[in-house]
Structure formats: C-alpha cells, structure tokens
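I have placed the structure first, in the form of structure tokens, so that the comments after it can refer back to it.
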Amino acid sequence: MGLSKIWVLAEVAGGKVSAASLELVSAAARFGDEVTAFVVGEAGGGVESSLAGFGASRLVVITGLDSCLPGSVAAAVMAARAAGDQPEAIFFPASYEGRDAAGRLSAKLDRPVITNVVNLNPDNGSLVAEHAIFGGSQIALSRFTAGAPAIFVVRPKSFAAEENPRSITTETVAAGDIGAAGAVKVVASHVEERTGPKLDEATVVVAGGRGLGQADKFALIEELAGLLGGAAGATRAIVDAGWVPYAYQVGQTGKTVKPNVYIACGISGATQHMVGMKGAKNIIAINKDADAPIFSIADLGIVGDVQKVLPAVIEAVKVRKG
Amino acid sequence: MKIAVCVKQIPDPASPQKLDASYNLARDGKLIMDESDSYGVEMALQLVDASGSGEVVVFSMAPRSEMSGIRNALAMGAHRGVLVSDDALAGSDALSTAKVLAKAIGREPFDLVIAGTESSDGYTGTLPVQVAELLGFASVTFAKKVQVDGGSLKVERQTEAGYDEVVSPLPAVVTVTAGVVEPRYPSFKGIMGAKSKPVETLGIGDLGLTAAEVGKTGAREEISEVREAEARAAGTVVVDEGDAFNKVVEYLEQIKVI
C-alpha cells in the first residue's frame, strides 16, 4: 500500500528544475498517488512540463517575496496549507534551501525531521527511511511515530529521476506574511565562475586534499580534470584552508558526486569525504600513506607522493591524447 | 551586543563512534566541544569586540552535567555558560533539542544566536533554524562572512553557484561554516580563568518542559535497524616505484576515459 499525498520542494535555478528535485518528484510518484511540487519564485512553462514529466500532478508556485530566502518562504506556505491538504510525507532536497525549509517547517508543525536520507521504502501506508550515519559508514532504518506529515531531507543522487508523465494542474499563491524570516533579504548574488562540466554532473572528477602539500599544487588537479573533460573537486580540509572555494567541496557538507571515475589525489578518506564520493563507478586513489582509509574503497590505489605521481600522469595522458 | 552561542559537546571524533543498545549515539565516554562550534565562539568574540561591549553566553545540552566543552569556549573568552542537563533528555532528536535550547536562550534577550551549520557527530543540520522558528527570530544559514552594522546583520551566504549578500534585522540566528574565522587557541590564562567563570545548570523543569516533550518520547521517531553501509571492495594497491603513473593511465584506458 502506498501513500495518497506527497509534497516535494522543487528548486529552480536558471529556469530549470534541479536534478535533486526531479529525483525527489520521481521517487514521490513511485510512492504516492498525488505528488505536489512547490516552487518558490517564477516558474515558466518549462518548469511545469519537466515536473509533470517526472510525475508531479500538482504544482504550487509561490510568488511575492522574491528577495527573501526561498527556504523560509516555502516553509511558511507549506505550514499554512498542511492542515487543509494533509500530505502524509514531505520531501526536501539536502540543499541550503531544502534544509532551511525542513527545519522551519518541522518547528512550525511540531513534527520531527529525518535528514541524510539515502533511500525510502513504503511499508503499510508509511515510509521507512534509510539514513546515513557516521559519515555514511552505517545505515539506520527509521520511521516516524509522530503522525503526518513525515518530513524527510534526502541526499542528492539517492533516487534515479525516471520519466513518469502525469497531467498537472498549476496554482499560483502569494506568499503573504512569513513572520521574522521575511525581513531577511538577498541584496546581491555572486557567481564564482568555473569552466568545464559541473562538479555534480561530471563523468570524471579529479579531487585534491591536504596531501597536495600547498595551495598552488591544486593547479595539477585542475589540469588533469581539464585533460580528462572532467571537473575538479576538493576535500573540506583544503576548502577550510582557503585553497579553493566552497563550490569545489565533495562530501557530507559539500557535493555528492557519482562520476564514472573519481581520482582522489592526496586525500586520506575521512568518512565525511567518502560519503560524498563512494558512489563513483571507479575510484583511483593516490596517497603516500599506505594505511589511508581511501585505499579501502579504491579500485586502484597508488601508494606514492602525489606531487610526483600526478605530474607523471598528466604528461602520460597528454602523450596519449597527442 | 549580547550573543548566544550554541555549543555541542560530542564524543571525541578521533575515537570510533558507536551506538548504544537503544540506537542512540553512545555518549558515555569523554565529551569535547565540537570543533565546528569553535568557529561560532570565535565569531561571537570578534563581533562583541567590534561592538565595543557586550557578552558571549554559551549554551549547551549534555548528559551528566558535562561541562568540558563549555569550559573550552569559556577558555577561548566567552563570558559565561548555560548547561541543560537532565536524564529525561536522553534520546532527544533535533527538534526536542531545539525546544530545550530555545527555552534556555529565550529566558533573556539576545541580539544574535550563533551556531555551526551542523554537528560533527549527528550532522542533522536543522537545529539552528528550528531554534530560530521557536524563538520567532530571522535566520541566515551557511554564513562565510558575518558583520553587524548598527542594528543589522550582513552575511555572505554560500550558495550552489557562489555566494549571496544577505541582510537581516536583529535579533537573528546565524549559522557559520568552518573557515569563517580562524578560532583562537585558549591561552593558559584563559584556561585558568575559565574555571571561575559562571556556568548555570538547568533541568527541563526549570525551562517549563515536561519529559513527554523531549528525550526518546519527544523524538517520535524510532530506529528499527542499523546496518553497515554497502561496502566497496578494495581493489589493487600498488606502491609507486616511479612508474605507477602507468597503472593510472592503463586503468583510465581500460574504462575508456582516454
């Protein structure tokens, strides 16, 4: 037995629904009869058709508070509608806005929230969540006893986005007064430009960690990533150290990647990092410490100095490519 | 300006984490201040310094009147601490913990509440906004730069693509990322001085909460099973003798990346 109503927060950037949001809509369509997607801000026809294509049957577009943080806006509107519509479950992507919205909504409705969800299984009209604990080394199976709605924050790439077209009805609502959170305004947005494929979409990811020794050696990571048509990634340690911007971070607090191949250079393999990359199809690790945890999940491990091995790999790849 | 900082006292991440018989994180050993909270403490100290006057008050919820993490924050320079410790709190989830901290913080006026983006042991990442909602405060999460200008908070907030400049009135809750500031090490004088700084210890009754609202009962979620995540088998490990780069290139050829 499935669920009758599931809500999903769908995030839109540059006129497109995020991949993580479509994964959730797709999962919701598998578990529930009626799937309602909530979008904050303007949603063009492309947004509506893509949500319908992956299984959303209703779309609620929230307008009116464009410069507010979308997570707070979504939580306020969802809280106001929950009593009337009575969704059994609400899915949020594990993004900045998703986590804000889930936290605010949880407190507004007095319902607990389960985060770091990596899978959901229907069980007798409710959902059992599999969520990653201890940096993803163990999986806990949890269910709510609090009554509907069950609030889940789901990690990206936990579900496949599968086309499942449904007819959709769209409703536009004004956000109205959202309380203290409504006074928070975004006054400017800055984009940190990167070339090449996006980190969480690239089929090849070359990532660097502390073992690179110094910040300027990250250029080697960028160079190999460029040669292989991939994206450069980084550990939290070197992001915190200011070597590269946060947008490069792979792991628990950064991006989740599932490329064809992940090349970990000078990365020891903290659990917080591995939870973001161990879904890669192939893993190559280069690290000078033979006991580094990264070798326990690598298909090919090279125990060696990354400052020597990496330039040699780059030269050899250049020769190959002519 | 008066700032509340939420500090979690966690099992030392250097020793392996485990669950107890009721699937709660085992907290029977020594607890220390979560390193990711040291950024919030430092941020609060700098903001109070910049404003010329004020106070940094550390809030924590922990079993067995655990205070070592609070003492650490006091040694860094925080002025006093408030600890909520009660047997009824065992098994609390993020929302119950947020209720406890919001009640404790709400007993006096604050301009700002600072927390980490998520703890290093449970990493639920929802508690700060839950506290904000319960207190009726504005919130700005994932701050990589924080300034207070008059009555207004200016934050550079991380986004998928880069960062946003965000302004908020006070009072507000702000969560800071690691790397927002460089946390100071407590000085010897600071460590000695921390021992005589006041730490108030409260039970849930002092906050007007009942056992049904918190702890395992209040969590209203149950873990039915815990299992090892699907393990990846380790592959070949080669010690570099100067030619291991060839192995990498061969592997990339084999999977048709080059």
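Yes/no matrix, rows are residues, columns are (1) assigned to a loop (DSSP other than H, G, I, E, B); (2) in contact with a strand residue (DSSP E or B) (Cβ under 7 Å, 6 or more places away or on another chain); (3) among the charged types (D, E, K, R):
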position	(1), (2), (3)
B:216	no, no, yes
B:224	no, yes, no
B:227	no, yes, yes
B:230	yes, no, yes
B:233	yes, no, no
B:237	no, yes, no
B:243	yes, no, yes
B:246	no, no, no
B:251	no, yes, no
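Looking at B:129, B:100 in this structure, which one is touching an Asp or Glu at 6+ places or on another chain (Cβ under 8 Å), of a type in the set (Val, Ile, Thr) and crowded, with 23+ Cβ neighbours inside 10 Å? Result of the check over B:129, B:100: B:129. Among what's in the range A:140-161 and is surrounded by fewer than 21 Cβ atoms within 10 Å (Cβ to Cβ) and farther than 23 Å from residue B:215 by Cβ, pick the residue that is modelled with the lowest pLDDT. The selected residue is A:157. Would you mind stating whether residue A:261 is within 13 Å of residue A:207 (Cβ to Cβ), of a type in the set (Val, Ile, Thr) and either touching a Ser or Thr at 6+ places or on another chain (Cβ under 8 Å) or in contact (Cβ under 8 Å) with a residue 60 or more places away in the chain (or both)? So residue A:261 passes the test. If you go through the range A:133-149 and keep only what is outside any loop (DSSP other than H, G, I, E, B) and at the interface with chain B (Cβ under 7 Å from one of its Cβ atoms), you end up with A:134, A:136, A:138, A:139, A:140, A:141, A:142, A:143, A:144. For the range B:182-205, residues that are closer than 21 Å to residue B:39 by Cα and outside any strand (DSSP E or B) total 13. Does residue A:296 meet the test of being within 7 Å of chain B (Cβ to nearest Cβ), surrounded by fewer than 24 Cβ atoms within 10 Å (Cβ to Cβ) and modelled with pLDDT of 90 or more? Yes; evaluated as a whole, the condition is true for this residue.
Here residue A:123 meets each of (1) open to solvent by 10 Å² or more (accessible area, probe 1.4 Å); (2) touching a strand residue (DSSP E or B) at 6+ places or on another chain (Cβ under 7 Å); (3) modelled with pLDDT under 95; (4) not hydroxyl-bearing (Ser, Thr, Tyr) with one exception, condition (2). Can residue A:188 be described as within 7 Å of another protein chain (Cβ to nearest Cβ), touching a helix residue (DSSP H, G or I) at 6+ places or on another chain (Cβ under 7 Å) and free of Cβ contacts under 8 Å to residues at least 40 places away in the same chain? Criteria not met by residue A:188. Of all residues in the range A:50-85, those being of a type outside the set (A, V, I, L, M, F, W, C), in contact (Cβ under 8 Å) with a residue 24 or more places away in the chain and over 18 Å from residue B:139 (Cα atoms) number 8. When residue B:137 is tested against the conditions (1) open to solvent by 20 Å² or more (accessible area, probe 1.4 Å); (2) touching a Phe, Trp or Tyr at 6+ places or on another chain (Cβ under 6 Å), the lone failure is (2). Of the residues screened, residue A:317 is not one that is in contact with a helix residue (DSSP H, G or I) (Cβ under 6 Å, 6 or more places away or on another chain), at pLDDT below 95 and either closer than 14 Å to residue B:235 by Cα or hydrophobic (A, V, I, L, M, F, W, C) (or both). Here the range A:24-79 is the region considered, the condition is being among the acidic types (Asp, Glu) and assigned to a loop (DSSP other than H, G, I, E, B), and the residue that is farthest from residue A:8 (Cα to Cα) is A:66.
Within the option set A:133, A:114, being among the aliphatic types (A, V, I, L, M), free of Cβ contacts under 8 Å to residues at least 40 places away in the same chain and touching a Phe, Trp or Tyr at 6+ places or on another chain (Cβ under 7 Å) holds for one residue only, A:114. Exactly one residue among A:231, A:247, A:215 is farther than 24 Å from residue B:174 by Cα and under 23 Å from the mean Cα position of the chain (by Cα), and that residue is A:231. Evaluation of residue A:260 against the conditions (1) over 28 Å from residue B:118 (Cβ atoms); (2) at pLDDT 95 or above; (3) touching a helix residue (DSSP H, G or I) at 6+ places or on another chain (Cβ under 9 Å) shows that the sole unmet condition is (3). Considering the range B:182-197 alone, what residues qualify as being open to solvent by less than 80 Å² (accessible area, probe 1.4 Å) and not polar (S, T, N, Q)? Result: B:183, B:186, B:190, B:191, B:193, B:194, B:197.
Across the range A:191-202, the qualifying residues are those that are open to solvent by 90 Å² or more (accessible area, probe 1.4 Å) and under 20 Å from the mean Cα position of the chain (by Cα), and the one among them that is nearest to the other protein chains (Cβ to nearest Cβ) is A:191. Taking the residues in the range B:141-181 that are within 26 Å of residue B:35 (Cα to Cα) and polar (S, T, N, Q) as candidates, determine which candidate is most open to solvent (accessible area, probe 1.4 Å). Once the filter is applied, the top-ranked residue is B:147.
One line per residue, one yes/no per condition, for (1) polar (S, T, N, Q); (2) without any contact (Cβ under 8 Å) to a residue 40 or more places away in the chain:
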residue	(1), (2)
B:120	yes, no
B:138	no, yes
B:148	no, no
B:160	no, yes
B:163	no, yes
B:183	no, no
B:188	no, yes
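Residue-level analysis places residue B:146 outside the set of residues that are at the interface with chain A (Cβ under 7 Å from one of its Cβ atoms) and part of a strand (DSSP E or B).
Taken together, the criteria exclude residue B:152 from residues that are at the interface with another protein chain (Cβ under 7 Å from one of its Cβ atoms) and either touching a residue at least 40 places away in the same chain (Cβ under 8 Å) or not acidic (Asp, Glu) (or both).
The values are calculated or read from the model by the stated rules, or taken from the named source; none is laboratory data. Just so it is clear, the model here is predicted, and its values are computed rather than measured. Methodologically, a virtual Cβ is constructed for each residue, glycine included, from the backbone with ideal geometry; neighbour enumeration extends over all protein chains shown. The accessibility values were calculated without ligands, DNA or RNA, using every heavy atom of the protein model including side chains. Shrake-Rupley method; radii C 1.70, N 1.55, O 1.52, S 1.80 Å.
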